Amino acid sequence: MAKVYLTGAGPGDIELMTIKALRVVQNADVIIYDRLANIEILKEAKKDAKLIFVGKEKGNHRVPQDEINELIYQSALKYENVVRLKGGDPFVFGRGGEEALYLKQRDIKFEIIPGVTSAISVPAYAGIPITHRGVTPSFRVVTGHRKSSDNIAKINWDSFIEDETIVFLMGLHNIELIVGKLLEVGKKEDYPCAIISNGTTKDQKVTTGTLSNIVSKSKEAQSPAIIIVGEVVNLRNELKWFN
């Protein structure tokens, strides 16, 4: 019986891919992959494996999510081992839950293979620990990928605690709205923040600043990027190791 492996490819560095993810890629009959999965991983596939790109980027959804769900389902009707390869982790803003439910409703067997999420690994490669004793007691991961300013406003901004590290995924194009909301709920203008583009890869670029200037500095950044806000950003000067 066919089985679909909803697989996390990790944040970019191919060596951060799990052993289990590598195994299913090597055994796959078809691989349906997105834009954030390192294409070097595809070199591990069988020579006769079918490779299908369904990547998305701002303003250009190559294949809508509903069609991706159906494509995965139809692939499972034709092939024994189907890998849905997703950047990071399939359940961290990866819509893996939607795809799993779609398969469940159609009696298709599936397995979730977690991946190393960019929310933790990308700051680590930038020398920014998202938690640090005496600096922050907690961290929060928030989607910055909202279709409109109305949806950004629906985030419970008032719930962010004073010393909490906040990681925004896919928020570069909404950075002005994000910074505005943080200032509105009481974050100070000199509060540290950073933008990390192409994290964990040879093209990684880190831009640091404060809430007062990070919007103007964001012009130097490019997608994919994460935004990290918190006092832990100041540790980068001592801990940056990846160049």
Inter-site label distance for L51 and R35 at 7 Å from Cα along Cβ, in nm: 1.8 nm
Computed lengthening from E189 to Q222, 0.36 nm per intervening residue step minus Cα-Cα distance: 9.6 nm
Relative contact order of the chain, pairs being alpha-carbon contacts under 8 Å that are 6 or more residues apart, as %: 21 percent
The chain, dipole about Cα centre (Lys/Arg Cβ +1, Asp/Glu Cβ -1), debye to the nearest 20: 520 debye
Per-residue Cβ neighbour rank within 10 angstrom, fewest leading, F110, F91: F91, F110
Kirkwood hydrodynamic radius over Cα pairs of the range 3-113, then Stokes diffusion coefficient at 4 °C and 1.567 mPa s, in µm²/s: 95 µm²/s
Using alpha-carbon coordinates, inclination of helix 65-78 to the longest axis of the chain, degrees: 30 degrees
Residue-averaged [θ]222 nm for the chain, counting only DSSP H segments that reach four residues, each worth -39500 (n - 2.57): -7000 deg cm²/dmol
Neighbourhood net charge (12 Å Cβ-Cβ; Lys/Arg +1, Asp/Glu -1) for E164: -1
Pairs from K46/K104; K20/K78; K86/K154; K109/K240 whose Cα-Cα separation, in the structure shown, is over 32 Å: K109/K240
Simple label model, 7 Å out from Cα along Cβ direction - L77 to N234, nm: 6.0 nm
Added length on full extension, which subtracts the Cα-Cα distance from 0.36 nm per residue, K3 to K43: 12.2 nm
Volume per residue that the Cα convex hull of the range 118-239 spans, once the total is divided by residue count, Å³: 92 Å³
Charge sum, other residues only, whose C-beta stays under 13 Å from P137's C-beta, Lys/Arg counted +1 and Asp/Glu -1: -2
Long-range Cα-Cα pairs in the chain (distance over 29 Å), rounded percent: 33 percent
Mean Cα-pair separation over length for the range 8-52, i.e. relative contact order, pairs under 8 Å, 6 or more apart, %: 42 percent
Other-chain or far-sequence residues with amide H under 5 Å of R140's (modelled H): T165, I166, V167
Amide H within-cut-off set for K50, under 5 Å, with H built and near neighbours excluded: V30, I31
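Since every read-out is calculated from the coordinates, none of them should be taken as a lab result. What you see is a predicted model, and the numbers here were worked out from it, not measured in a lab. Please note: Cβ atoms are built from the backbone with ideal geometry, for glycine as well, and neighbour counts cover all protein chains shown.
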